[in-house]
Each structure stands twice: as structure tokens, then as C-alpha cells.
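For reference, the structure is listed below as C-alpha cells.
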Amino acid sequence: MQWRKSMAHKPLFHELIAAHKDLAEELKTVDVAADLTLLLHHAGMSREDLASNLGWSTDRLSQVLSGNENITLQTIAAVAGSLGHTFDVVFRKKDAPSILSFSDEVRTKLAELGITETDAAAAVDWSRTQAPTT
């Protein structure tokens, strides 16, 4: 695919991540917070209702969903559980390919764009393996 060929010459965020030691971990926190926010949206529940279900203040929930807080596994489990979900943690070597699963919504969007799941996973894996350029 054309987009795949053009990606070969772009360092993406690797230079930024290499320059900031803790940025990769911070991005993971933001990613988890974004996923929890998406679960909340898809559940059709308000932040107030979720906070009430958790026994938290809305300020506490906003901190968790902002991605600016170090989220514990217990916090992730509590929020996901209140939204009717669970989660898995997958460990892999840094250079090992990702194991991605796509929601029906993402599969539909990929199909609309003419991108196979294999190509999408390859693009993610490629971006993770690029060495920063100096």
C-alpha cells in the first residue's frame, strides 16, 4: 500500500520518546485513560453516574480519565468493571509483534479505508521498531 511505503521514511514519535525517558510510559497511561473514556462513552453513562457507581467524587474520576495520573491496575479494574468490561495485560519482548484485536467498529473503518487488519497490525509493529534517527 502507498501509505506503508511513505511510512518507511518517517521517524514518527521515536525521536521525541528517545529524548524524554519517561514519555513512553506516560503515553501508555494516556492510552489507557482514553480507552476507559471510550468505554464510558459506549456505555452511554455519564461521568457522574460512573463516579457514583464507584463511590468516587467526579473530581477523582476526572483525574483518572485525564491520563495525568499514574493509574493502578486496581483502578483500571474498578472502572472497567463498573462499565461491564474486564481487561488483559499482555507482556511481550520489545521487538515482538503486537497482538492486536480490533473491535467491529474499527474493522468496519479499516474496511472502508481498504486497509486489512494485517496491514494495520504491521503498521503498528513497524512504528514500534523504528530506531530514533540522530
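The values are calculated or read from the model by the stated rules, or taken from the named source; none is laboratory data. A quick note: this is a predicted structure, and the numbers were derived from the prediction, not measured. Heads up, the Cβs are rebuilt from the backbone with ideal geometry, glycines too, and the neighbour counts pull from every protein chain shown. Accessible surface is based on the protein model in full, side chains and every heavy atom, while ligands, DNA and RNA are left aside. Shrake-Rupley method; radii C 1.70, N 1.55, O 1.52, S 1.80 Å.
Before moving on, here are some points about what is shown:
- Of the criteria (1) free of Cβ contacts under 8 Å to residues at least 40 places away in the same chain; (2) open to solvent by less than 90 Å² (accessible area, probe 1.4 Å), which one His41 fails: (2)
A quick yes/no check of all residues on (1) modelled with pLDDT of 95 or more; (2) open to solvent by 90 Å² or more (accessible area, probe 1.4 Å):
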{"residue": "Val32", "(1), (2)": "no, no"}
{"residue": "Leu54", "(1), (2)": "yes, no"}
{"residue": "Arg60", "(1), (2)": "yes, no"}
{"residue": "Asn70", "(1), (2)": "no, yes"}
{"residue": "Leu83", "(1), (2)": "yes, no"}
{"residue": "Asp88", "(1), (2)": "no, yes"}
